[in-house]
Amino acid sequence: MTSAFGPLVVIANPHAGGGAVGRNLPDVDRTLTELGLDHRVVRTGGPGDAARAAREALDRGERYLVAAGGDGTIHEVVNGMVQGDRPVDPDAVLGLVAAGSGADFPTTFGLPGDVVNACGHLAGKNLFDVDLGKVSLRDTDGRSVVRYFANVAHAGLGAAAVARAARMPGSARTRRFLGFWSAMIRFRPGALTLRTGDREVEVRAHDVVVANGQSEGGGIRISPRSWPGDGLFDVLVMTGPTSDSFTLLPKMYRGEHLPSPTISEWKVRAIDVVPERPWPVQADGELLGWTPATFEIIRRPIRIKI
């Protein structure tokens with residue numbers, strides 16, 4: 001048997017979630033078999049592997065791709081499915097299985113975090129067309145690049161925390177914690193120019209959140225009113241002291257930090273972020289490069305299995 005969209009190609013990062021994804025892959029395989037879903041599993045070994053696996057599968061005529069892992073795995077698979085702001089295959093479908101990793105994007109759709117129930121959502125025909133974010137920036141080698149993202153991007157402190165976390169020891173949760181504190185202590189607010197349409201604003205800020213989805217960082221509801229199908233980003237400009245990132249954190253987990261006098265809220269289709277000095281940029285928990293950066297909404301190039 002197979003699904004309505006053909007055999008599944010499960011693209012998995014076995015190291016995600018501190019190795020939890022690798023430990024859960026046998027459960028993924030067994031559950032899909034019990035559901036009668038034909039599938040094969042591709043294990044990734046390093047950066048870029050998931051994007052290449054996704055593109056190769058589409059080139060082979062396979063159209064049902066499943067990202068098994070965290071938001072970083074979803075990020076790569078999405079970048080393998082889209083080129084030139086268009087889907088490589090308009091009939092392609094993306095399934096999501098957290099498989100023990102901290103994947104926040106699936107929670108926007110109410111998809112479960114456990115393997116058995118998440119795999120159950122891979123059966124059937126229910127689909128939802130989602131928007132993606134597109135960011136144009138300079139990568140860490142100074143080259144102009146374009147990347148797509150499904151969930152949440154940051155320019156500033158949030159990206160600095162991701163950069164520092166990547167150099168920390170321990171589990172993913174420990175690295176996030178240490179990276180956050182290290183970045184908060186060191187990062188300094190600066191002058192920032194924001195441009196959208198004919199509007200230009202100059203502010204002093206320490207972080208710009210560009211949200212397509214709602215949650216990040218293992219359950220932080222950073223942008224609780226975002227919806228990845230409305231054709232708009234929810235942009236949060238953090239204009240208070242960097243210590244706000246700590247003092248507001250309990251409210252952020254509950255999605256109760258908005259409105260705030262130190263957070264400027266925008267709804268836009270595109271925005272240029274130009275700090276006075278280069279800021280790091282991350283999306284879906286992946287460090288991408290440096291500002292100046294332009295963020296744009298791409299309308300519904302991906303179909304999510306829900």
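The values are calculated or read from the model by the stated rules, or taken from the named source; none is laboratory data. Values in this document were obtained by computation on a predicted structure and should not be read as measured data. Cβ: placed from backbone, ideal geometry, glycine included. Neighbour counts: every protein chain shown.
Some observations on this one:
- Checked against (1) under 18 Å from the mean Cα position of the chain (by Cα); (2) not assigned by TED's automatic domain parsing to the domain that holds Arg225, Asp89 passes all but condition (1).
- When segment 116-134 is limited to residues that are among the aliphatic types (A, V, I, L, M) and out of contact with any helix residue (DSSP H, G or I) (no Cβ under 6 Å at 6 or more places or on another chain), the one that is farthest from Ala153 (Cα to Cα) turns out to be Ala123.
- Candidates Ala163, Ala153, filtered to the one that is surrounded by 13 or more Cβ atoms within 10 Å (Cβ to Cβ), modelled with pLDDT of 90 or more and under 30 Å from Pro87 (Cα atoms): Ala153
- Number of residues in segment 213-230 that are among the hydrophobic types (A, V, I, L, M, F, W, C), part of a loop (DSSP other than H, G, I, E, B) and surrounded by 18 or more Cβ atoms within 10 Å (Cβ to Cβ): the value is 1.
Yes/no matrix, rows are residues, columns are (1) in contact (Cβ under 8 Å) with a residue 24 or more places away in the chain; (2) assigned to a helix (DSSP H, G or I); (3) not aliphatic (A, V, I, L, M):
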| site | (1), (2), (3) |
| --- | --- |
| Pro112 | no, no, yes |
| Ala118 | no, yes, no |
| Leu122 | yes, no, no |
| Val130 | yes, no, no |
| Gly133 | yes, no, yes |
| Leu137 | yes, no, no |
| Asp141 | no, no, yes |
| Val145 | yes, no, no |
| Tyr148 | yes, no, yes |
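- Failed item in (1) within 20 Å of Met184 (Cα to Cα); (2) modelled with pLDDT of 95 or more; (3) out of contact with any Asp or Glu (no Cβ under 9 Å at 6 or more places or on another chain); (4) of a type in the set (Val, Ile, Thr), with Ile263 passing the rest: (3)
- Being exposed (fewer than 15 other Cβ atoms within 10 Å of the Cβ) and out of contact with any helix residue (DSSP H, G or I) (no Cβ under 9 Å at 6 or more places or on another chain) holds for only one residue in Arg199, Arg186, and it is Arg199.
- Taking segment 1-106 and the strands (runs of 3 or more DSSP E) fully enclosed by it, the elements with 1 or more residues that are of a type outside the set (A, V, I, L, M, F, W, C) and at pLDDT 95 or above are at 39-43, 64-68, 93-97.
This table checks each residue for (1) out of contact with any Lys or Arg (no Cβ under 8 Å at 6 or more places or on another chain); (2) within 21 Å of Phe105 (Cβ to Cβ); (3) in the same structural domain as Ala283 (by TED's automatic domain parsing).
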residue: Arg138; (1), (2), (3): yes, no, yes
residue: Gly158; (1), (2), (3): yes, yes, yes
residue: Gly179; (1), (2), (3): no, yes, yes
residue: Gly219; (1), (2), (3): yes, yes, yes
residue: Asp230; (1), (2), (3): yes, yes, yes
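- Looking only at segment 281-299, residues that are on the phi > 0 side of the Ramachandran plot and in contact with a Ser or Thr (Cβ under 7 Å, 6 or more places away or on another chain) come to 1 in all.
- Applying the criterion of being closer than 15 Å to Gly218 by Cα and either touching a Gly at 6+ places or on another chain (Cβ under 6 Å) or not acidic (Asp, Glu) (or both) to the residues of segment 107-126, the residue that is surrounded by the fewest Cβ atoms within 10 Å (Cβ to Cβ) is Gly110.
- Qualifying residue in segment 221-242 (condition: touching a residue at least 40 places away in the same chain (Cβ under 8 Å) and of a type in the set (D, E, K, R)): yes
- Members of segment 216-239 found to be small (Gly, Ala, Ser), within 24 Å of Trp279 (Cβ to Cβ) and modelled with pLDDT of 95 or more, listed by number: Ser223, Ser226
- Within segment 60-106, the set of residues being among the polar types (S, T, N, Q) and surrounded by fewer than 20 Cβ atoms within 10 Å (Cβ to Cβ) comprises Gln83 only.
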